[in-house]
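Scroll down for the structure; my scribbles are underneath it.
The values are calculated or read from the model by the stated rules, or taken from the named source; none is laboratory data. Everything numeric here is computed off the predicted structure, so don't read it as measured data. Cβ placement follows ideal geometry from the backbone for every residue including glycine, while neighbour counts extend to all protein chains displayed.
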Amino acid sequence: MPTKTPFAYSSTAAALLATAGLLLGCEASHPTPATPAAAPQPTDATTATCGAQGWASQNGGTTGGGTAAATVVTTYAQLKAAIENTAVKVVQVNGTITIPSSGRISFQDQTGKTIFGSAGARLVSADQTKDNSGIMYIKRCKNVLLRNLVFEGPGAYDTDGWDNVTVDASTNVWVDHCEFRDGVDGNFDIKNASDYITVSWTKFAYLKPPKAGGPGGSDDHRFSDLIGSSDGATGDRGKLRITFARCWWSQGCVARMPRVRFGKVHLVNNLYNSSVSKSCVQAGFEADLRVQANVFENVTNPLDLMANNSTAVQEIGNLFTNVSGAKAGNGKSAFTPPYTVAVLAASAVKAAVTASNGAGATVGGNVCTNSGI
């Protein structure tokens, strides 16, 4: 029987904790010493010793590189070397690092690693071509933590290119307080039997105008997040268990917030307010979706049932304000999570998610503050 996490609070208490930015159930943070060859670390570089909540709390939990000393990187060469080196367990990104054309970083076959940004850290790609786009590809990894990083692409262009970040065949991944902007094919995709994943306090946006006329056929491919690559990828059955909590699909997002096949996906306390949206949550083939206490504001098709071939789409206590189109589930009950999280009332979600320490790269280091969902 899966072990339940000990986080069960009333909506009022959870709202107060989230607003105050307090972490539940974590040890005190403390400064991480720099490695001998590294530049001095800023005061916001702290070591977080808490683990993920949601689906990433299962299967042994997700803590990344834990309390290992951080390797500080400020250049692309340093970043690539630190990510590819299995002996490096914690990577701290300082400043803006530009990913060169064809420089997408392959992060493969590793266990137990954290990559986090100090205040203002960004990883930026300017390439919109099919083969040379993208920032990071995570494959066959386990126990990975990404925190407080902005992943910025060049803008959407339907050239069948790469996402800012793709998670492939990986388990126990926690993405916390990150921001994904302007991916070429998408912002952040999860596929190929990846499992036990939590995305918390993360913001998705498209701030740059899309490039029209791509060979893929779409003139506006601002499609943020794809879960599962195709209806024929039957190896995804029983996998793709993902929690999105306190996330924000903001301006510029048109669709895939997320689009799900096969997975048991818990969408809880998220904010949707992109005025250019055409579909928000998209329920694809055999998707099992628990859509709970989210806010949909000024959007179109909050719950898109697509071809009506999903397993379950259960709408629970969501807040719909000035929306048009589909907003009902399919009448079937979704899965029951094997974990417990603090669920805010939908009326409290927008304030928490848009606060200064809410969704996005807002925590200034490797701190778990405000991650206790």
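Residues satisfying the criterion are absent from segment 300-307 (criterion: over 26 Å from Ser229 (Cβ atoms) and in a loop (DSSP other than H, G, I, E, B)).
So, in segment 249-282, how many residues would count as being surrounded by fewer than 24 Cβ atoms within 10 Å (Cβ to Cβ), under 29 Å from Gly232 (Cβ atoms) and of a type in the set (Ser, Thr, Tyr)? Number satisfying all stated conditions: 1.
Scanning segment 311-349 for residues that are touching a Leu at 6+ places or on another chain (Cβ under 7 Å), more than 28 Å from Gly61 (Cα to Cα) and either aliphatic (A, V, I, L, M) or in a loop (DSSP other than H, G, I, E, B) (or both) gives Ala326, Lys327, Ala328, Gly329, Asn330. The criterion of at least 2 residues that are within 14 Å of the chain's Cα centre (by Cα) is met by the following strands (runs of 3 or more DSSP E) wholly inside segment 91-177: 111-117, 136-139, 142-147, 150-152, 165-168, 171-176. The strands (runs of 3 or more DSSP E) falling completely within segment 178-247 that include 1 or more residues that are in contact (Cβ under 8 Å) with a residue 60 or more places away in the chain and of a type outside the set (Val, Ile, Thr) map to 179-181, 195-200, 203-205, 242-245.
For segment 134-158, enumerate the residues that are crowded, with 24+ Cβ neighbours inside 10 Å, touching a residue at least 60 places away in the same chain (Cβ under 8 Å) and among the aliphatic types (A, V, I, L, M). If the condition is that a residue be crowded, with 24+ Cβ neighbours inside 10 Å, touching a residue at least 60 places away in the same chain (Cβ under 8 Å) and among the aliphatic types (A, V, I, L, M), then Val144, Leu145, Leu149, Ala156 are the ones that fit.
In this structure, does Ser277 turn out to be in contact with a Cys (Cβ under 7 Å, 6 or more places away or on another chain) and either at pLDDT 95 or above or aromatic (Phe, Trp, Tyr) (or both)?
Taking the combined requirement at face value, the residue satisfies it.
Filtering segment 232-248 to residues that are surrounded by fewer than 24 Cβ atoms within 10 Å (Cβ to Cβ) and aliphatic (A, V, I, L, M) leaves only Ala233.
Here Gly228, Gly161, Gly183 are screened, and the one residue that is in contact with a helix residue (DSSP H, G or I) (Cβ under 8 Å, 6 or more places away or on another chain), at pLDDT 95 or above and either of a type in the set (A, V, I, L, M) or surrounded by 24 or more Cβ atoms within 10 Å (Cβ to Cβ) (or both) is Gly228.
Exactly one residue among Val295, Val313, Val343 is crowded, with 17+ Cβ neighbours inside 10 Å and within 18 Å of Ser274 (Cα to Cα), and that residue is Val295.
Out of Ala352, Ala359, one residue alone is assigned to a loop (DSSP other than H, G, I, E, B) and modelled with pLDDT of 95 or more. It is Ala359.
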